[in-house]
Amino acid sequence: MEEDIRGPKKFIIAGAVTLLILVVAGIIYFVVRRNNANQPASEVNQNVNVNVNQIVDVDINTNEPAVVDEVDSDFDGLPDVEETKIGTNLYEPDSDNDGVFDQDEVQIYKTNPLSDDSDKDTLGDYKEIFIWRTDPNKADTDDDGFSDGVEVKNGYNPLGRGLIEDAPPGTFNLEGNINQATSTNQINQ
């Protein structure tokens, strides 16, 4: 007569199989862990957070990609190496505090990131670029013999003929001027 594998024998077999699986898993775990402990410490993530821009370039000799890491301590987009060369503050995104980031002054507007008024016309770089839309590198944008700062202070259009109030709508970004005045003789430079 065949024995019926029910009851207590079924639980004993299931327990033995489970125990065997746990023993094998334990052995594998300890073998893998022991092998990983022998690896060099250089592969351990040290979690150092540094702002690094990776610039991928191509080595002209090998046509292989070359990665150059450039640190930017103030996150203004201008690498510390370049800031050191031109003398800007590595930890201040706007070294001259004129409202224009150092990177934008150097790479876009070609203004002096160490001077809040690159062309010395008494109209700061920020106002020339974003409000009056004049040339921050040229003291007299419209070449009429009067500096942009003098024209704005006296209510004249620094981009051409006439008064500021007579300029076509949209010529200037007066909404961007915190000290926007209601009449031309009150306009701040």
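Summary table
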quantity	calculated
Selection status of Val68, surrounded by 10 or more Cβ atoms within 10 Å (Cβ to Cβ), out of contact with any Pro (no Cβ under 9 Å at 6 or more places or on another chain), at pLDDT 65 or above and over 30 Å from Arg133 (Cβ atoms)	no
Odd one out for Val150, checked against (1) within 17 Å of Asp98 (Cα to Cα); (2) at pLDDT 95 or above; (3) among the aliphatic types (A, V, I, L, M)	(1)
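The values are calculated or read from the model by the stated rules, or taken from the named source; none is laboratory data. Only a predicted model underlies this, so the values are computations on that prediction, with no experimental measurement involved. In this analysis, Cβ positions are derived from the backbone assuming ideal geometry, glycine residues included, and neighbour counts consider all displayed protein chains.
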